[in-house]
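First up is the structure itself, then whatever we jot down about it.
Laboratory data are not the source of any read-out in this text; all were calculated from the coordinates shown. Predicted, not measured: the structure shown is a model, and the values here were computed from it. Positions of Cβ are generated from backbone atoms using ideal geometry, with glycine treated the same way; all protein chains shown enter the neighbour counts.
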Amino acid sequence: MAAASKVPTRSQLLRQVDRANGLAAPWIVVQILLCALLAWLIDWRQVLDSPLVAAVAASVVVGPHFMALLRYYVTPRKEIDDLKEQTRFGQFDKHKLRQLVNDTLHRLGLPLPGPPVYITADKAMNASAINLGFAEFFRSLNGVYLNRQMLHRLTPAEVQDVIGHELGHYFKYYLLNDRCRGLTLLLGGLGGVLVTQWIDMDSGLSWVALAFCGAAAWFVSGLLSGNTGEAIEYLCDDLGAQVHGVVVSINGLLKLGVDGELQSAIHQQELLQRRHGNLNARDIIEAINAAIPYGHTSREELERAVKESLKRRSKERSKLSLGGFFQFAWNGDDEDAVEDDMRKIRKLQNAPRIEWESLLEGRRDGMLDEYGVAELVEMLEHQPDRLLFRLPEEAGDGDGVHPPLRLRILYLWKNREAIEAAARQTGRI
């Protein structure tokens, strides 16, 4: 059916990533040569005489990309080996987590001890990995990041599959451009400094030129990468599934969708109702995130917690002060953007959805077995116009990198024989 026709094969994805990296290799050499040329053209005595101007110019070019990395750097996190003995995340302590990481590395044939693994306080069921290369320069940034919420909601096998997915990003499936992002930042920064020396910084043209320098470098990098981000996500799902099999991975994806759908519904409900007129959209979102507990909770319990959190935030905003006024004004809504989001929310709420939960009836563990997954896949193929979850990415409004959960599930199931064959090569499953 329509949905199934979009599902790539494992071999297609591997070729796509290889092609993208084949194009990227010459571009990396070009970047090195350009950096050397720019460094030669720059008047470094002028930089030393006006360091602030040079710093501002470089930040204009690389600022947005640098800030994205800085968010990871300032994210509160704890490496699992540094956790206290009494710390627990659901059923996991530091020893159990280290055992899972080591076992995952062993099953996937990856070198021990592996990258640093951090636990973050994020309440979204998600994880991430960063490997910018240049290990000595990014030692405190590179690693695998596991959100704490995931540890409260998934089984040990499902956690291992997630770790396997992130290890795929770290070790196996990545774009050379991303691995050398520091080089691109250096090129953009040097270009910005040179522009300040060639063009009078008092003119508006100089700022346009600075913006163009940054956009050009990142545009070329993105152009060479194409849509390879989706291919990498599929392949990392693939590697994660090699730890315990596709059925375990699919159950983990379903839990991710259930959690995301519930949190999204609560956000939508409160943003639409706007019960507290003195709260802007950011206030509401922060209050909801503060109320979300770690672990399992019913929608009714979550709604009660959110209601109390919103009341507290509203009372805080009601205490008039000059500082509070400026904080509200600074964080005030862009009403046009909010209204646009509301239109998307209303459309999403009315979209038809697959009632896949019927497959869980009579199952005490709340998980699908192989036959249940086969029935789920049949539902997905025969109801291509219905959403699996009422989430923006499921309706085609994603980030362009992460495929919808529907397609991720279909990929794993349709390619399960190739995935199992890859796992058998090293005796993994």
Fewest to most neighbouring Cβ within 10 Å: what's the order for T75, T155, T196? T75, T155, T196
Interchain or sequence-distant (5+) residues whose placed amide H lies within less than 5 Å of the amide H of R353 are L387
For K307, the lysines lying under 29 Å Cα to Cα, once residues fewer than eight places off in the same chain are dropped, come out as K123, K255, K315, K319, K344, K347
Could you please state, rounded to a whole Å, how far the C-alpha centre of the range 353-429 is from the C-alpha centre of the range 170-192? 33 Å
Over the range 77-172: Rg over Rh, Cα atoms, Kirkwood Rh: 0.93
